[in-house]
Structures are given as C-alpha cells and as structure tokens.
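What follows is calculated from the coordinates using simple rules that are stated; it is not laboratory data. All figures in this text were calculated on a predicted structure; none of them were measured in a lab. Quick reminder, even Gly has a Cβ in these numbers, built from the backbone with ideal geometry, and neighbours come from all protein chains shown.
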Amino acid sequence: MREIQLPVSDEIVRSLKVGDAVALTGVMVTGRDAVHKWLSETFIKRTRPPQGDDLTVYEALKPLLNGGVIYHCGPVVAGLATKEYRFVAAGPTTSIREEGYQGDVMRHFNLRGVIGKGGMGGKTLKACQEVPGMYLHAIGGAASYIAQTVKRVLGVYKLEFGVPEAIWVIEVKEFPVVVTMDAHGGSLHAEVDQKSKSALQNLLTL
Amino acid sequence: MLDLKEPVLELVRLTSTDLPPDVEMSLRAAVEQEEAGSAARSALETILKNVELSRAQSTPICQDTGTPIFYVYHPEGMSTRKLRQLITEAVVEATRKSYLRPNSVNALTDKNTGNNLGDEHFPVIHFEEVEGDILTIELMLKGGGCENVGAQYSLPNNELGAGRDLAGVRKVVLDAVQKAQGQGCAPGILGVSIGGDRGSGYAASKEVLFRKMDEASSDPSLAAMEQRLTQESNQLGIGPMGFGGKTTVLSTKMVGMHRLPASFFVTVSYMCWAYRRRKMIVQGDQVRYE
C-alpha cells in the first residue's frame, strides 16, 4: 500500500494507475449531492446568485480543494449538541450521481481526487486526464472501519444541508482506497462493465 | 404490559451495528472464493474487519442506515397507534445515540428533519394482527445505494428477449444485476417478486429479504431458479464493490404473487452486503432477539 500525503502533486497523480492501493493522510472535505449542485449552480454555471454565507464558504473551500480530494460521504456524526464533532461511521456513498457535476468541479477547483464508491463515467474520466486527477474507491459499507482513520473533525460548512449533506473538513490518517480511474484514461469500472455486458449476452442466449 | 421503549431501541441498535450471523458466514465463505491478493478479496477482508469492529464498538456497520422498515405482527387487541408511537420514539432516540444517521429529507424543500421522522411513510411501519399472544417486530435497514439499483420490469421485454414465464424472469433479473454493477455495494442479495402490481411487487420483493440466507423458496421451481440466478450472477464477473471477481450475489430470494391477466411484473430489490435485518420477539415479560 502506497502512502500519500494530501494535497497531492501532478507527478504523484500521474504516477498512480488503476489497481494501486493507496493510504491517504492529511486534510480532506466531504461533499455529495447537495454540495455538488450548490457549487455548480452558484460558482460554476452561476445560474443562482450567492446567498447567505455562500461566498465565505467558497473562499474557505478553495485552498482545501486546490490539489486536494473530495469525499462522497454522508457520515454519522456524534457530538452534534456540543459541537465536539466525531465521525462514528463514514463509508463512501455512490458516486455516479455526481457525474453531471464532477468534471466541472475538478477543473474549477484544481481538485485532484474524488473518493467514493461504484465509480464514475466518461465525463469524470476525461477531467481526470485533464486536471490531472483520479478516482479513488473506498470500500462501500465499511463505515466503522473508515471512521477510525478520521482523526479529527476540523470544521463543518453548510450544516443546514443536513448532517449527511454538509461539508465536513476532516483530518485523516492512512485512509484506505484503491485507484479505479486514473489520469491516463484507465477505468476499472468501464472494463468490468464491458466484460459483464458480454457475459450477460452469453447468458441471455441460453 | 412490559415497557417496550428500551427493547425497541435495542432492536434498532442491534440491527444497525451487529450483522446477522448467517450473513457474516456467507461473507466469510465468499472471501475464500476470491483470489489471494486481488482487490476483490481485499474488499471482502475489509468488510469483515468492519463487521467485527462495528459489533465491538456498537457503531453503525454502514453510515447509510437507510430507511428503517418495520414489520409488526401483533396479537389481537394491541393498539397499533401506541406501537407506532413506541417505534417512532425509539427511532428518534436511536438517532440521538448515533445508531442511525438522520436520513429523512423533505423531497420538496430538501430539509432534513434531523430525527429520522417524516411523514406517515417514514419510517415505514407495517402492522399485521396474528393469532396467539406473541408480539414480533422485524426491522430491516436498507441503504439508498442499493435501493437506487432496484428495478421493475414489465414482461414481455423484447429487448432482452424475455417472455412471460420463468425463463423470461431469469433474463430480466440478470439484466438488473449487470446494470447494478458494484453500485449497490456488491456482493448483494436479490429479493425478486413475480407478479402483483407495481406497488405490491416492490413491497413483496423487500419482504422476501427477511428470509434467512439458506432459506429457499417452498416452491421447487422457484427454489431452483434462486440457485441458478445466484450462480449465473456470479458468472458476470462484477465482483465485490464492482472490482471484478467471483462474488457478485450471495443469495437470491424469490416469491410468486397473483397478477392481473394483462400484467406480468418482475421486481428486483437489491440488498447490499450490509444486509441488516433483525427480529424481536416479545412474550409476556420475555424479550428475545434473532
């Protein structure tokens, strides 16, 4: 397992290939459906004017996402009443729902990594080649196990989106992932999809 | 009557944090199927470590604690209104204790209620009166990732060459498994209903998931099809997490229903490997869990 510090350089991203097991250490942010929609509409496509603390949060996110990674995760968080937050369970959510946004978000913020599960499609793969970036697959459902690698919750933005949809800033140590889409156009997901399609065709003729 | 608030809270805790032994055994057998050093095997090993850790720490197996789906089988004369109140109170308390993630979101305003209560459909509670004096409450937690890859087919389906018979059922179920890839957190368990209408079909496809892993359909033709679908799904090569591998589906559960002459629905509910379902049985002052 290769150990990588966040933020991550172009050279390191390019050196990683589909199938590589990686342990991430450093600071990352969570963001899923509500966050991607909000980022896209407010700051990328600008179809909605910034409201409330939108601009403050945007400025705070820029350095965190620059060269960084976003984690598709809606955690279970303890300490909500006291604001002494602690991640109790924090596995990945299904990433493909962000396919319409992800490539643009990667380019806009110079985001080098997306962590989630289930993989993403052609638009995100293209952005991985351009930025450069990579898709890092965490083990779906391994929530208690992954939460142990979250050492501290440094802060939270947009808690009004709800606990699962908020932007949690976390410090992780040896967070385990596998590269399943790389900066060279490789995608394990596209490969498995193709192979399983032809296996299905064979079974349908029986 | 016995105060059931704590026992129902315990049912929620157990369901969220302690994977049933039959599911764990099936995952342990699956590890041995995958090649040493493969991503598939490593995924299953991590899954098993997580199962042990969640049990030891009493923390959720998966952060998506899903839609809580309760089936309540109560004796004659028991107030379902009071049972509903008891269950909703336990759900709120379980959320406060971090056994459940606040998961109930208003579909129009996107606002999360924060306590897992919503409208009359959230949490889902089914009531049925039974003979005798035993109260049984079953709970299933089904996450959104696997719920999203569920599918319903109206047969015939010409694209797949699926006619209105068991051979056609087989084809559409395999199609659903291929389309799901790893996104429902494979290896999964398939709940399949044949017949019904669109609504009852989905309900029945979930209800069959309360069966034990090794519990086959009582209908021999369905029992044979269950085995065949599990074997053939595993020939698709999707594997744990969609990494490629031999274990895509751990088990298939099927049920036949009555249907209209014009309708032939096949409904597939995909359950993730974190197959969280538990049962609480109350008789007099005794409470036990399965």
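Applying the criteria of a DSSP loop state and at most 15 other Cβ atoms within 10 Å to the trypsin sites (Lys or Arg not before Pro) of the range B:90-123 yields B:Lys97, B:Lys111.
Helix B:39-57 and the longest principal axis of the C-alpha atoms of chain B enclose an angle of approximately 10°. With a 10 Å cut-off around each Cβ of B:104-116, the average count of Cβ atoms from other chains is 2. The distance separating the Cα centre of the range B:28-93 from that of the range A:1-57 comes to 30 Å.
Counting every other Cβ atom within 10 Å of each residue's Cβ, B:Ile281, A:Ile96, A:Ile146 order from fewest to most as B:Ile281, A:Ile96, A:Ile146.
With 0.36 nm allotted per residue and the present C-alpha distance subtracted, the B:Glu89-B:Ala29 stretch has 17.8 nm of extension available. Applying a 4.7 Å cutoff between beta carbons, the unpaired cysteines of chain B are B:Cys62. For the range B:1-96, run through the chymotrypsin sites (Phe, Trp or Tyr not before Pro) and keep only the ones in DSSP coil with at most 15 other Cβ atoms within 10 Å of their Cβ. Answer by residue number: there is no such site. In terms of its alpha-carbon gyration tensor, the range B:139-290 comes out oblate; a/c meets the 1.5 threshold, while b/c is at least as large as a/b. Principal axis extents of the C-alpha atoms in chain B (largest first, rounded to whole Å): 55, 52, 42. Please label the shape of the range B:158-212 as rounded, prolate or oblate, based on the square roots a ≥ b ≥ c of the eigenvalues of the alpha-carbon gyration tensor (a/c under 1.5 means rounded; beyond that, a/b larger than b/c means prolate, else oblate). Cα axes put the range B:158-212 in the oblate bin.
In nm, to one decimal, how far is the modelled label at B:Asn106 from the one at A:Arg48, with both set 7 Å along Cα→Cβ? A separation of 1.5 nm, rounded to one decimal place.
The B:Arg96 and B:Glu120 beta-carbon pair, evaluated with R₀ = 25 Å, returns a calculated FRET efficiency of approximately 0.70. Taking every alpha-carbon pair under 8 Å whose residues sit at least 6 apart, chain B reaches a relative contact order of 25 percent.
In the protein assembly as shown, one over the average inverse separation of all distinct C-alpha pairs is 23.3 Å, which is the Kirkwood hydrodynamic radius. For chain A, the relative contact order comes to 28 percent (Cα pairs under 8 Å, sequence separation of at least 6). This ranking places B:His74, A:His36, A:His184, B:His258 by how few other beta-carbon atoms lie within 10 Å of each, fewest first, which gives B:His258, A:His184, B:His74, A:His36.
Per-residue shielding of B:242-254, expressed as the average number of other chain Cβ atoms within 10 Å of the residue Cβ, stands at 2. Would you please classify the overall shape of the range A:1-85 from the alpha carbon gyration tensor, given that a ≥ b ≥ c denote the square roots of the eigenvalues, rounded means a/c under 1.5, and beyond that prolate means a/b larger than b/c while oblate covers the rest? Oblate shape, in that a/c is at least 1.5 and b/c is the bigger or equal ratio. Taking each DSSP H run with n ≥ 4 as -39500 (n - 2.57) and averaging over every residue of chain A yields -9500 deg cm²/dmol at 222 nm. Other residues lying with their Cβ under 15 Å from the Cβ of A:Val57 contribute a combined charge of -2, Lys and Arg counting +1, Asp and Glu -1.
The distance separating the Cα centre of the range B:214-263 from that of the range B:133-189 comes to 9 Å. Stokes-Einstein, applied to the Kirkwood radius of chain A over Cα pairs at a viscosity of 1.567 mPa s and 4 °C, places its translational diffusion at 75 µm² s⁻¹. With kT/(6 pi eta Rh) evaluated at 25 °C and eta = 0.890 mPa s, and Rh the Kirkwood radius from Cα pairs, the range B:1-97 diffuses with a coefficient of 157 µm²/s according to Stokes-Einstein. Summed over qualifying helices (DSSP H, 4 residues or more, each -39500 (n - 2.57)) and divided by its residue number, chain B shows a 222 nm mean residue ellipticity of -11500 deg cm²/dmol.
Taking the C-alpha atoms only, the angle from helix B:198-207 to the longest principal axis of chain B is near 80 degrees.
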